[in-house]
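Here, each number is a calculation from the coordinates, and none is a lab measurement. In this text, all values refer to a predicted model and were calculated from it rather than measured experimentally. All Cβ positions, even for glycine, are placed from backbone atoms using ideal geometry, and neighbour counts span all protein chains on display.
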Amino acid sequence: MNNEKKIVTEILDCIESIIKNISKDNETIKSFRTRARDIPLYLFMRGPTYTMVYIAARSNVYILNKAFKASNCEELIMSVIGRDQKFMRMGSDKKGYALYGAVVIYVLKRLNLIKAGSFTELINETLNNPALYSYLSAISEWIKRFAEGYIEA
C-alpha cells in the first residue's frame, strides 16, 4: 500500500472515531473542523516546526504526547477524551487543537514517517528532516477534506 493510501485510510478512521466518540460535544467537533481548515495555511506559510509548536501552544503537549503511544485511532481518541482531566477542563477551541494535533502525530507515527517518541523529539525531527513537510502537507490536506465532508459547519 502506498503512503497516500495509508494516509487516507488512517485519517478516515480517525475522523470516524472523532465523530463517533465526540458527537455530543458539537462545539469541539466544530473546532476540530475549523482547525482542519486553518492549519494547512499555517503549514504552508510557516513550515512544520512552527505549525506543530503553534498547535501545542493552543492545546496541551501532555495531550499531544498520547498520540505517540496509541495503537489505533479509536484508542487515541478515547485516551484523549476519556477521563483525562486536562482535556475535560479545556475549552472547545483548545480541544479542537488537541484532537487535530493528536491525529496528525498519530498518523505520522503510525505510518513510520517519524521516529520521534515525544513532542520534543518531534520538534527536533521537523528541524532536521525536510521530507516531513511534504508528509505533513498531505496529511493536513486530507484531514481538511474529510473534516469538511464529514463534519457539518
Can you figure out the FRET efficiency of Arg145 with Gln85, using R₀ = 25 Å and their beta-carbon distance, to the nearest 0.05?
-> 0.15
In segment 106-153, the trypsin sites (Lys or Arg not before Pro) that sit in a DSSP loop and have at most 12 other Cβ atoms within 10 Å of their own Cβ are Lys115
Computed [θ] at 222 nm, helices only, for the chain once each DSSP H run of length n ≥ 4 contributes -39500 (n - 2.57) = -26000 deg cm²/dmol
For the chain, what ratio Rg/Rh do Cα atoms give with a Kirkwood hydrodynamic radius?
-> 0.92
Computed E for Lys115/Asn72 - FRET, C-beta separation, R0 25 angstrom, nearest 0.05 = 0.80
Restricting to Cα pairs under 8 Å and 6 or more apart, the percent relative contact order of the chain works out to 39 percent
